[in-house]
Amino acid sequence: MLELRDLVSGYGKAMVVKGLSIDVGRGQLVSLIGANGAGKTTTLKAISGLIPIKSGKVIFDGQDITNASARKILSLGVAHCPEGRHVFPYMTVTENLEMGCYLRNDRKAIADDMSRIFEQFPRLAERRQQVAGTLSGGEQQMLAIGRALMSRPKLIMFDEPSLGLAPNIVEHTFDIISNIRDQGTTVLMVEQNALAALEMCDHAYLIESGALTLAGSGRELVDNPHVRAAYLAD
């Protein structure tokens with residue numbers, strides 16, 4: 001479903017991602033792991049049109065989306081849950097969810113999707129008229145996920161979904177992401193909790209200094225001596 005071919009991207013003259021090639025199969029949950037500054041977040045931003053691509057290609061669902069606008073990429077079915085959640089703090093829960101479907105005009109389907117989000121996240125239903133900035137970190141993460149789902153994505157990208165969350169909320173968040181994959185939506189996830197990311201994914205890539213170092217199933221990377229020493233050590 002998603003192909004990156006020799007992707008080079010970064011900020012200004014600083015190229016953070018240096019010739020990265022990865023594949024995300026339809027219906028898969030794929031994890032990107034690596035140290036801070038390795039280029040994982042930059043990769044997601046390049047895919048979603050938030051930063052320019054210097055060279056290489058991004059192919060989504062058979063279509064070249066290299067340097068397409070963020071609006072165009074979203075309209076094609078790519079949703080992005082950014083690091084730090086970034087909900088609209090002065091808007092209500094319902095208004096935040098409505099922002100997730102601003103490119104849609106199928107009102108009946110939007111209402112149905114809103115109902116499903118509230119069924120999936122009962123805490124959001126209880127707080128539907130509460131402003132998002134007053135929610136807990138876990139509730140804001142649920143809201144960010146729900147907002148992304150409101151666009152009816154074919155692919156949803158998560159950037160550090162466990163960041164800043166209590167351990168019990170982290171486990172719940174990972175369960176939600178696995179369930180999204182199980183319901184047929186393709187998932188690409190960046191996650192610092194390498195062990196959790198590898199245990200739940202279908203395929204994984206290790207990125208170091210902006211380049212691909214290792215690729216394989218989650219189990220293969222868990223068993224890799226370099227990964228164990230550098231990223232899974234107690």
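The values are calculated or read from the model by the stated rules, or taken from the named source; none is laboratory data. Source: prediction; values computed, not measured. Cβ coordinates were reconstructed from backbone atoms using ideal geometry, including for glycine residues, and neighbour counts include every protein chain displayed.
Of all the criteria given as (1) at pLDDT 95 or above; (2) closer than 19 Å to ASN96 by Cα, the one not satisfied by GLN140 is (1).
Consider ALA46 against the criteria (1) closer than 21 Å to ILE176 by Cα; (2) without any contact (Cβ under 8 Å) to a residue 60 or more places away in the chain: it satisfies all of them except one. Which criterion is unmet? Status for ALA46: all satisfied but (1). The helices (runs of 4 or more DSSP H) found wholly in region 1-108 and carrying at least 3 residues that are touching a helix residue (DSSP H, G or I) at 6+ places or on another chain (Cβ under 8 Å) occupy 93-99. Quick check: is even one residue across region 68-75 in contact with a strand residue (DSSP E or B) (Cβ under 7 Å, 6 or more places away or on another chain) and either in contact (Cβ under 8 Å) with a residue 12 or more places away in the chain or within 27 Å of LEU163 (Cα to Cα) (or both)? No; the residues of region 68-75 include none that is in contact with a strand residue (DSSP E or B) (Cβ under 7 Å, 6 or more places away or on another chain) and either in contact (Cβ under 8 Å) with a residue 12 or more places away in the chain or within 27 Å of LEU163 (Cα to Cα) (or both). When region 89-112 is filtered for residues that are in contact with a Leu (Cβ under 8 Å, 6 or more places away or on another chain) and small (Gly, Ala, Ser), only GLY100 remains.
Taking first residues from region 102-116 that are on the phi < 0 side of the Ramachandran plot and partners that are among the polar types (S, T, N, Q), the Cβ contacts under 8 Å between residues at least 6 apart in sequence or on separate chains come to LEU103/SER75; LEU103/SER151; ARG104/SER151; MET114/THR94.
Report yes if some residue within region 99-119 is surrounded by 14 or more Cβ atoms within 10 Å (Cβ to Cβ) and among the polar types (S, T, N, Q); otherwise report no. No: region 99-119 contains no residue that is surrounded by 14 or more Cβ atoms within 10 Å (Cβ to Cβ) and among the polar types (S, T, N, Q).
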